[in-house]
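S.K.: Quick one: this structure, given as structure tokens, is what I'll be asking you about.
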């Protein structure tokens, strides 16, 4: 770990200004990912701007029924928040399925969205990785890629986004509030993360130095019937082998609305618009759910070791939607 | 002695220190002027270091030295080429430690290690074990000194003539021991004498190795090992950390703390070799085995031959007139494999006990009954009767406790919602051995006693067990006995490993205590300290060669999600026959621990190697999964009351390994029973089951 | 050397900071390299060796301590961020020469073998029981709207962030269950 200066800004404007002035500075929030990567030599900031004490740690109910979540609200606090548990169970479930109790007490809402991939080649400075070291190649493409992407990867990068929270937020059409040197603006979550393309080192659409200050959830009464299903290689404390966030709104048997997002399949949380299209307006059945998943995965290109993600994602799509439909019926 | 402390449950003597955070491990001793060592691994697999440029590292604040083959203190070339560190520019495998950075803080040491520039000439390499590798060869013998191959009868003819045959190949990946405490050492030199606080499984042998490497008399080396955060075989002998720390401390002439990082534990300290095992079984229509063949392939390094005894389990477990076992090795450009809990027996039993299950299915006999039918009172290998063999009793007791009788033998016969439920069984056995050991016992005028022995307590409860044994041997309540362990200045004792610690140590403790009693006035205390010592070398060496084994039966119930392929263990139950159990509390913990490591092997662990880089890519605890708390819903261990007079004075067989042997097979067999799908390469993970048509 | 900074500061002023926080209810103030984690500050500067370094990357839980009453992995917390905050380590779970009920239960249930993960298990269990008291759900809680019932499945899930290679898990669960029941 390279020696670094430490700065605790008084407000958001100062934080953004320091990042703007220091080309190798980084924001420090929960630290659960950044400190890990600094120890590995994957990230080497020379200034840390500690945003933990900025007043970004509250959850507010909005007049329109939505929710505004401060960027430094800890994952554990958010999962335990009564409104989240009642109105957005998919979000609470995604948070609770992630990491461990100790990590959830540190990890923040904003930081979680900016988590780096858990690709083992990215994490090892002795191995080629375009994301860590642009131009060095992608060792994972023809390497051990069981955990990596099946959708939307490029020859330059086959990494997946590791966050569970982001998958739930994708399904909920969340909006990310961002501050940069030009001021504040909103970024839809769906537009936050990038496909790897030829520049996998660029993971989000944010300008360098931009600070996430909050995440807004729109009012979505249907989300009271929502769920997050995560499948992993051990019972707990593991990243997803596959995951799905789902909101299902039925009118009788007919799908009035549905929101579906996948984790562990792509470089970004994967909103399954095509599957939603297949489902919307049709009478729900497990067969329809399977067909919808197949439609979403039609363009998947599994790598050598991760073909299992297709039947797995299909299976969890059917499982989660069928269970939500059963709950609606009862 | 049996009415005394042995056999009674006592909490661990050091329990209070461990729960209050005051128990000191290797790099936790206060040391004036201490510095920090950080090991630098090679970035190539095979080749030669052409240049070490320490300039940038040395310019980094806090860095005191970069120790490498060009400037390191010299070591005597010993029998352990793996430990001849920083002596030559040759690189034998990726991750080999080729330098140590010493700094005045941990942070500076880590950064310094990153800044050392090393150039190499790299050559081609081979790091993946295959069954057609051109380098396959037959070693002269296998660990520790078994014959490489054995044959009795005519396997080929016997196999060809049998009505029921099974011919199956199993694969196990590399497993990494991953004790929670990394290999770690504090090394200090004073006036040419070396003191190390080290995390190992046997301070006496570590002292001997250090003395040899640094060309010192043994009395000039002291190894203190009070508390050890697990080892599971990987700390069985001196390993890189202690050698690097001693080299670095000598080089900078200051004390050095050096702990390997978690990532550095994946290879350089040893690991369980991957195996490819073909098992052929033939039986008559009643399931009586007529022919058994077990062909095992494993790997070793280019530095040294480590020939794991994978098929030895099969030599003595079940009887048949025609039997054959073989071992073949490949020398790869990898770190040398080493011991991991039940080396040989653990992967070997996975294969044989899985094949027995396949035979049970093929012949249509209950797998418990099949094993009972093939029991033998005479060791098929040695041709002599076992000193005791309670495999059948374990199977019967286990079946009864587990509720085996209710089992429908048909695969896929139980369903619970989306879960397919099944159960499996496996046998288990492990040799009961002892090694020479010494101890002293002292009586004091105040009526108390002190027993001194260089036992290492790696979490087994050895400290407590020896205290109990000593109390009984002295014929006094244990409260009057103190025990001193974990220091090479104490009487020499063998390694905590191979399930022979308790047998070996208790032998010496009992003899020393008996000798002391002979010196004491009848019924009273001496007027000054009186001591007696014992060395069991002659007695152990003179013991007749007999087949001595512990046995067990493992039962597992799993559930497999019919659509996602997830596998979970519902419950597991083991019954063991391991002679006298000294402390039921610590014994139960150790057996459950072994069974859980078997669960971890069956469902979770896999070292994933990338041939292009020549190392395991999943080298941390986030990507190399070990079983966690949420995976263990119910694991129970029981034992039979077993007395065997042919063992050792305490009548113990050892319990460190028996819990893992057979555990993975029981789980794999349960997965087959649940699903009808037989996965023959571990671990059994959802990617091997999801989408499999038989499942749905 | 115990109680005071044991290791030297190896960086210049720009890369180190004066930091003051409470450890086990006693104020501590020291100058630390900005890179120093809470775990290394405890172990190498304050002589508090209870928190263990098992992986140094937040993957094993051996370094768990309580930060302002909440369980965290101290290997991922930079000490420089802690000004004014409060840390409880395993050494502070009970008064001098005392055992907390949880510590006593760990001994009684033989909830450890090698003991290396134990301080982390204890701090984690302590923090986890408080989370249950606050009504926090877990991944295995059926009803997100109701206060959790501390079943064995709940304990296992909530303790999943603490690995134990000796695999004392069933006994850890028993010790936590026993402690919870007598509170």
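S.K.: Just checking, does segment A:76-94 include any residue being at the interface with chain C (Cβ under 9 Å from one of its Cβ atoms), free of Cβ contacts under 8 Å to residues at least 24 places away in the same chain and under 14 Å from the mean Cα position of the chain (by Cα)?
M.R.: Yes - at least one qualifying residue is present in segment A:76-94.
S.K.: Let me ask something additional. Do any strands (runs of 3 or more DSSP E) entirely within segment B:412-463 hold 3 or more residues that are without any contact (Cβ under 8 Å) to a residue 12 or more places away in the chain, and if so, which?
M.R.: Working: elements: B:414-416, B:419-431, B:438-443, B:449-452.
Filter on segment B:412-463 gives an empty set.
S.K.: Looking at segment A:171-185, is at least one residue at negative phi, within 14 Å of another protein chain (Cβ to nearest Cβ) and surrounded by 22 or more Cβ atoms within 10 Å (Cβ to Cβ)?
M.R.: Within segment A:171-185, none of the residues are at negative phi, within 14 Å of another protein chain (Cβ to nearest Cβ) and surrounded by 22 or more Cβ atoms within 10 Å (Cβ to Cβ).
S.K.: Could you look through segment A:281-305, keep only residues that are under 14 Å from residue A:150 (Cα atoms), without any contact (Cβ under 8 Å) to a residue 40 or more places away in the chain and within 14 Å of another protein chain (Cβ to nearest Cβ), and pick out the one that is surrounded by the fewest Cβ atoms within 10 Å (Cβ to Cβ)?
M.R.: For segment A:281-305, the residue satisfying everything is A:294.
S.K.: Taking residue A:128 as meeting all but one of (1) without any contact (Cβ under 8 Å) to a residue 40 or more places away in the chain; (2) more than 8 Å from every other protein chain (Cβ to nearest Cβ); (3) part of a helix (DSSP H, G or I), write down the number of the exception.
M.R.: Among (1) without any contact (Cβ under 8 Å) to a residue 40 or more places away in the chain; (2) more than 8 Å from every other protein chain (Cβ to nearest Cβ); (3) part of a helix (DSSP H, G or I), the lone unmet condition for residue A:128 is (3).
S.K.: Can you name every residue in segment B:219-250 that is more than 24 Å from residue B:40 (Cβ to Cβ), touching a residue at least 12 places away in the same chain (Cβ under 8 Å) and not in a loop (DSSP other than H, G, I, E, B)?
M.R.: Result: B:220, B:221, B:222, B:223, B:224.
S.K.: Now, a different point. Here are C:153, C:125, C:111: which of them is surrounded by 24 or more Cβ atoms within 10 Å (Cβ to Cβ), within 13 Å of chain A (Cβ to nearest Cβ) and at pLDDT 95 or above? Quick ask: steps written out before the conclusion?
M.R.: On the way: C:153 fails: surrounded by 24 or more Cβ atoms within 10 Å (Cβ to Cβ); C:111 fails: within 13 Å of chain A (Cβ to nearest Cβ).
Every option except C:125 fails the conditions.
S.K.: Do you know which residues across segment B:472-482 are surrounded by fewer than 24 Cβ atoms within 10 Å (Cβ to Cβ) and in contact with a strand residue (DSSP E or B) (Cβ under 8 Å, 6 or more places away or on another chain)?
M.R.: Result: B:476, B:480, B:481, B:482.
S.K.: Checking residue B:636 against (1) surrounded by 21 or more Cβ atoms within 10 Å (Cβ to Cβ); (2) assigned to a strand (DSSP E or B), only one condition comes out false. Which one?
M.R.: (1)
S.K.: Here is a further query. Would you confirm whether or not segment C:21-28 contains a residue that is within 12 Å of chain B (Cβ to nearest Cβ) and surrounded by fewer than 24 Cβ atoms within 10 Å (Cβ to Cβ)? Break it down into steps so the answer makes sense when it comes.
M.R.: Kept after step one, since they are within 12 Å of chain B (Cβ to nearest Cβ), are these residues of segment C:21-28: C:24.
Narrowing the set further to residues that are surrounded by fewer than 24 Cβ atoms within 10 Å (Cβ to Cβ) leaves C:24.
Yes.
S.K.: Consider segment C:74-108. How many of its residues are touching a residue at least 60 places away in the same chain (Cβ under 8 Å), buried (at least 24 other Cβ atoms within 10 Å of the Cβ) and more than 9 Å from chain B (Cβ to nearest Cβ)?
M.R.: Here the count works out to 4.
S.K.: Might you check whether a residue that is touching a residue at least 12 places away in the same chain (Cβ under 8 Å), more than 14 Å from chain C (Cβ to nearest Cβ) and at positive phi occurs anywhere in segment B:77-96?
M.R.: Yes, there is a match, as at least one residue in segment B:77-96 is touching a residue at least 12 places away in the same chain (Cβ under 8 Å), more than 14 Å from chain C (Cβ to nearest Cβ) and at positive phi.
S.K.: Can I ask one more? Pick out, from segment A:14-66, the strands (runs of 3 or more DSSP E) lying fully within it that include 2 or more residues that are within 23 Å of residue C:73 (Cα to Cα).
M.R.: Passing ranges, in order: A:25-28, A:47-50.
S.K.: Suppose we filter A:31, A:66 for residues that are over 30 Å from residue A:241 (Cα atoms) and either more than 16 Å from the chain's Cα centre (by Cα) or modelled with pLDDT of 95 or more (or both); which single one remains?
M.R.: A:66
S.K.: Name every residue in segment B:575-586 that is crowded, with 24+ Cβ neighbours inside 10 Å and either facing chain C (nearest Cβ under 8 Å) or assigned to a helix (DSSP H, G or I) (or both), in order of residue number.
M.R.: B:586
S.K.: For segment C:38-49, which positions are more than 9 Å from chain B (Cβ to nearest Cβ) and either closer than 17 Å to residue B:184 by Cβ or part of a loop (DSSP other than H, G, I, E, B) (or both)?
M.R.: Within segment C:38-49, C:39, C:42, C:46 qualify.
S.K.: Is there a residue in segment A:230-248 that is out of contact with any helix residue (DSSP H, G or I) (no Cβ under 9 Å at 6 or more places or on another chain), within 26 Å of residue B:604 (Cβ to Cβ) and free of Cβ contacts under 8 Å to residues at least 40 places away in the same chain?
M.R.: The answer is yes; a qualifying residue exists.
S.K.: Look at residue A:146 and say whether it is closer than 17 Å to residue A:203 by Cα and either more than 12 Å from chain B (Cβ to nearest Cβ) or assigned to a loop (DSSP other than H, G, I, E, B) (or both).
M.R.: Answer is no for this residue.
S.K.: Would you say residue B:121 is farther than 29 Å from residue B:306 by Cα, away from chain C (no Cβ under 14 Å), at pLDDT 95 or above and in contact with a strand residue (DSSP E or B) (Cβ under 8 Å, 6 or more places away or on another chain)?
M.R.: no
S.K.: From the list B:669, B:648, exactly one residue is in contact with a helix residue (DSSP H, G or I) (Cβ under 7 Å, 6 or more places away or on another chain) and in a loop (DSSP other than H, G, I, E, B). Which is it?
M.R.: B:648
S.K.: Still on this structure: Could you list, in sequence order, the residues of segment B:673-694 that are out of contact with any helix residue (DSSP H, G or I) (no Cβ under 6 Å at 6 or more places or on another chain), surrounded by fewer than 24 Cβ atoms within 10 Å (Cβ to Cβ) and either away from chain A (no Cβ under 11 Å) or modelled with pLDDT under 95 (or both)?
M.R.: B:676, B:677, B:680, B:681, B:692, B:693, B:694
S.K.: Follow-up. Of everything in segment A:265-275 that's surrounded by 23 or more Cβ atoms within 10 Å (Cβ to Cβ) and touching a helix residue (DSSP H, G or I) at 6+ places or on another chain (Cβ under 7 Å), which residue is farthest from residue A:292 (Cα to Cα)?
M.R.: If we take residues in segment A:265-275 being surrounded by 23 or more Cβ atoms within 10 Å (Cβ to Cβ) and touching a helix residue (DSSP H, G or I) at 6+ places or on another chain (Cβ under 7 Å), then A:269 is farthest from residue A:292 (Cα to Cα).
S.K.: Give the residues of segment A:95-113 that are out of contact with any helix residue (DSSP H, G or I) (no Cβ under 9 Å at 6 or more places or on another chain) and more than 9 Å from every other protein chain (Cβ to nearest Cβ), sorted by residue number.
M.R.: Residue satisfying the conditions is A:110 alone.
S.K.: Also: Which of the residues spanning segment A:214-232 are closer than 30 Å to residue A:16 by Cβ and crowded, with 22+ Cβ neighbours inside 10 Å? Spell out how you get there, then give the answer.
M.R.: Just the residues of segment A:214-232 that are closer than 30 Å to residue A:16 by Cβ, to begin with: A:214-219.
Residues satisfying the conditions are A:214, A:215, A:217.
S.K.: Then there's this: Would you mind finding the one in B:90, B:148, B:169 that is assigned by TED's automatic domain parsing to the domain that holds residue B:242, modelled with pLDDT of 95 or more and touching a strand residue (DSSP E or B) at 6+ places or on another chain (Cβ under 8 Å)?
M.R.: Step by step, each of B:90, B:148, B:169 is checked, and only B:90 is assigned by TED's automatic domain parsing to the domain that holds residue B:242, modelled with pLDDT of 95 or more and touching a strand residue (DSSP E or B) at 6+ places or on another chain (Cβ under 8 Å).
S.K.: If you take the residues of segment C:50-70 that are free of Cβ contacts under 8 Å to residues at least 60 places away in the same chain and on the phi > 0 side of the Ramachandran plot, which of them is farthest from the other protein chains (Cβ to nearest Cβ)?
M.R.: C:68
S.K.: Follow-up question, since we're still on this one. Identify all residues within segment B:609-631 that are under 20 Å from residue C:166 (Cα atoms), in a loop (DSSP other than H, G, I, E, B) and facing chain A (nearest Cβ under 9 Å); write none if there are none.
M.R.: B:619, B:620, B:622, B:623, B:625, B:626, B:627, B:628
The values are calculated or read from the model by the stated rules, or taken from the named source; none is laboratory data. Treat the numbers as computed from the prediction; the structure is a model and nothing was measured. Ideal geometry is used to build each Cβ from the backbone, glycine not excepted, and the neighbour counts take in all protein chains shown.
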